[in-house]
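Reading through the structure tokens given below for one structure.
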Amino acid sequence: MQCVLFINIIMTSYVVSLNNGLALTPPMGWLSWERFRCNTDCENDPENCISENLFKTMADLLITEGYASVGYEYINIDDCWLEKKRSLNGKLVPDQLRFPSGMKYLSNYIHSRGLKFGIYEDFGNYTCAGYPGIIGHQISDANQFAEWGVDYVKLDGCYAFPEDMDKGYSEFQKILNSTGRPMVFSCSWPVYQIYAGIQPNFSTIMEHCNMWRNFDDVQDSWASVESIIDYYGNNQDHIAQYAGPGHWNDPDMLIIGNFGLSYDQAKTQFAIWSILAAPLLMSVDLRTIRPDFKAILQNRQIISVDQDPLGIQGRRIYKHKGIEIWSKPVTPIHDRHYSYAIAFVNRRTDGTPSDIAVTLKELGLIALNGYSVHDLYENVDYGILHANTKIKVKVNPSGVVMLKAEVQRR
């Protein structure tokens with residue numbers, strides 16, 4: 001198999017990025033939107049509506065089910081938490097029936113569990129679901145978030161002019177910083193500009209955002225996940241360079257454990273998101289998730305790839321007839337050679353596993369002392385392999401085999 005080589009020595013250059021000391025590795029946590037959407041019917045569906053009880057429950061499960069112990073730390077509210085109108089003095093008002101104790105109470109509860117609290121708003125007149133946006137109230141809203149003890153702000157872009165976003169998002173980031181409260185800033189800035197035919201200035205975006213959306217919302221389907229994988233592979237030359245500690249491309253939520261992905265497809269989403277150094281934000285009902293999907297989300301070895309301190313976004317290095325290979329440089333580094341995480345992905349649908357055979361040299365792995373190679377899902381050691389050694393893996397349709405090749409010392 002002839003692979004496009006991933007350059008083994010990566011040239012680095014000085015870049016200006018948001019320096020709030022946050023998100024030095026991609027944020028990990030739980031987010032309500034994909035699974036629970038804008039369900040506000042607490043009378044008929046009290047267990048699944050957007051309410052303080054839902055977020056308290058998910059916070060508890062993050063602890064008791066072991067998610068926090070592997071790195072998931074944020075509990076993030078998305079849209080539909082507000083009353084439809086602000087208070088008489090212009091303040092944001094949480095829905096008084098669904099959040100009767102208020103946001104400060106919920107924040108304190110989440111913090112008492114050792115977790116962090118995220119909230120949603122919109123750079124526009126309204127949120128996407130029609131609740132009050134921040135325009136005209138930026139300073140007041142930022143101060144409210146700080147008073148509530150918010151740790152993470154997701155700012156959407158509905159009902160706003162994309163041409164105003166360069167100035168608007170930048171100004172709101174400065175306002176957030178001026179509160180004195182450290183808050184991760186998640187932006188939807190570039191995706192709305194892309195929709196409007198505007199080329200985003202990612203150099204400016206990374207100066208003001210800890211993470212940002214580039215593409216469509218993920219839906220509960222393999223087709224949606226595939227479209228995101230394709231976007232990141234097809235556009236990697238334009239966007240991968242902007243990812244790094246404190247500033248990340250965000251391919252959207254993990255839908256593992258919901259309804260739309262098979263077991264193999266779920267493994268593929270988790271593998272590719274980790275190769276991309278993506279935020280790992282689960283959107284799943286933690287009360288009902290099956291043990292096999294839970295095990296994917298808690299795979300410490302793959303999480304360590306995502307959370308690698310180098311913060312390098314991986315790339316697709318091979319694509320042919322439904323077979324893809326993705327590669328990410330990771331620690332440790334010896335003699336100027338990186339270790340690598342490698343994902344072999346089978347996008348074919350012809351019903352039988354595909355054999356993929358490739359030498360380490362074809363993957364760009366050329367360190368003279370070789371690499372200790374380990375399968376991150378099957379927990380199988382391949383031993384010490386060298387540049388001319390051929391690896392052969394069998395990959396299920398819509399599935400993945402993920403390896404880590406750890407460079408050896410002299």
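Checking each residue in the range 290-299 for being within 16 Å of the chain's Cα centre (by Cα) and open to solvent by 60 Å² or more (accessible area, probe 1.4 Å) picks out no residue at all. Once the range 341-367 is narrowed to residues that are touching a residue at least 40 places away in the same chain (Cβ under 8 Å) and over 18 Å from I323 (Cβ atoms), the residue that is surrounded by the most Cβ atoms within 10 Å (Cβ to Cβ) is L365.
The single condition from (1) surrounded by fewer than 16 Cβ atoms within 10 Å (Cβ to Cβ); (2) farther than 23 Å from S188 by Cα; (3) without any contact (Cβ under 8 Å) to a residue 40 or more places away in the chain that L97 fails is (3).
Residues in the range 149-163 that are over 22 Å from the mean Cα position of the chain (by Cα) and outside any loop (DSSP other than H, G, I, E, B): P162, E163.
F123 falls short on exactly one of the conditions (1) within 16 Å of C209 (Cβ to Cβ); (2) surrounded by fewer than 23 Cβ atoms within 10 Å (Cβ to Cβ); (3) in contact (Cβ under 8 Å) with a residue 40 or more places away in the chain, and that condition is (2). Against the definition (closer than 23 Å to E362 by Cβ, at pLDDT 95 or above and either in contact with a Gly (Cβ under 6 Å, 6 or more places away or on another chain) or crowded, with 17+ Cβ neighbours inside 10 Å (or both)), how does P329 come out, yes or no? For P329, the condition - closer than 23 Å to E362 by Cβ, at pLDDT 95 or above and either in contact with a Gly (Cβ under 6 Å, 6 or more places away or on another chain) or crowded, with 17+ Cβ neighbours inside 10 Å (or both) - is met. Just one of the numbered conditions (1) assigned to a loop (DSSP other than H, G, I, E, B); (2) in contact with a Gly (Cβ under 9 Å, 6 or more places away or on another chain) is not true of I366: (2). Of everything listed in (1) open to solvent by 10 Å² or more (accessible area, probe 1.4 Å); (2) more than 22 Å from W222 (Cβ to Cβ), the single unmet condition for G322 is (2). Of the residues E34, E121, the single one that is within 22 Å of the chain's Cα centre (by Cα) and part of a helix (DSSP H, G or I) is E34. When N89, N108 are checked against the criterion of being open to solvent by 30 Å² or more (accessible area, probe 1.4 Å), of a type in the set (S, T, N, Q) and in a loop (DSSP other than H, G, I, E, B), N89 stands alone in meeting it. When the range 6-56 is limited to residues that are modelled with pLDDT of 95 or more and of a type in the set (F, W, Y), the one that is surrounded by the most Cβ atoms within 10 Å (Cβ to Cβ) turns out to be W30. So, of the residues in the range 182-199 that are aliphatic (A, V, I, L, M) and under 14 Å from D250 (Cα atoms), which turns out to be nearest to the chain's Cα centre (by Cα)? Per the criteria, the residue is V184. Here W273 clears all of (1) over 11 Å from the mean Cα position of the chain (by Cα); (2) open to solvent by less than 10 Å² (accessible area, probe 1.4 Å); (3) without any contact (Cβ under 8 Å) to a residue 40 or more places away in the chain except the condition numbered (1).
The values are calculated or read from the model by the stated rules, or taken from the named source; none is laboratory data. Predicted model only: the values in this text are computed from it and were never measured. Using ideal geometry, Cβ is built from the backbone for each residue, glycine included, and neighbour counts are taken over all protein chains shown. Protein only, heavy atoms only, side chains kept; ligands, DNA and RNA dropped before computing areas. Shrake-Rupley method; radii C 1.70, N 1.55, O 1.52, S 1.80 Å.
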